[in-house]
Amino acid sequence: MKILELSLLSLIIAQFLKIFTIFPPDFSRIIGSGGMPSSHAAFVSTLATSIGLKYGFSSDLFAIVTVFSLIIIYDAGGVRRSVGEQAKILNHLIRHLDLKKLDREKEIIKRDLKELVGHTPFEIWAGTFLGILIALLGQYL
């Protein structure tokens with residue numbers, strides 16, 4: 001199987017698994033960001049591992065892919081997770097505002113901000129492990 005196809009398969013599997021990592025299963029999670037496992041981590045881990053297996057773990061190509069993979073994983077677990085935590089706080093504050101006094105804000109505040117945006121460290125590790133596993137299994141496909 002080609003590296004891009006294998007990486008996309010990893011992303012699809014991770015997104016599919018998100019449906020069943022909460023109870024009751026939520027089929028809308030298949031298209032959402034955040035949650036368990038990190039599809040971002042799975043996707044780039046499969047890519048980096050596959051490149052390493054094909055071109056060597058000391059190759060320049062592996063180094064480049066690994067650097068960009070780490071940036072993506074950091075973003076998914078750090079920056080985007082912080083955005084989700086801030087959204088949770090803002091949603092809480094908005095629910096407790098007296099909107100009758102703030103007529104103008106009624107037009108601005110239409111719906112809650114999305115809170116599930118990033119990943120916990122465990123979700124990142126699970127996605128990374130899944131991605132590496134799929135890359136290793138891809139050697140036999």
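The values are calculated or read from the model by the stated rules, or taken from the named source; none is laboratory data. Computed from a predicted model, the values in this text were never measured in an experiment. Please note: Cβ atoms are built from the backbone with ideal geometry, for glycine as well, and neighbour counts cover all protein chains shown.
Side notes on the structure shown:
- Checked against (1) at pLDDT 95 or above; (2) touching a Leu at 6+ places or on another chain (Cβ under 7 Å), Ile132 passes all but a single condition, namely (2).
- Residues of region 8-45 satisfying the condition of being over 14 Å from the mean Cα position of the chain (by Cα) and part of a helix (DSSP H, G or I): Leu9, Phe27, Ser28
- Among residues of region 46-68 that are at negative phi and among the aliphatic types (A, V, I, L, M), those with a beta-carbon under 9 Å from a residue that is part of a loop (DSSP other than H, G, I, E, B) and surrounded by 13 or more Cβ atoms within 10 Å (Cβ to Cβ) at least six positions away or on a different chain give the pairs Ile51/Ser59.
- Of all residues in region 57-76, those satisfying the criterion of being loosely packed, with under 12 Cβ neighbours inside 10 Å and at pLDDT 95 or above are Ser58, Asp60, Val67.
- So Glu85, is it modelled with pLDDT under 65 and farther than 30 Å from Met1 by Cα: no
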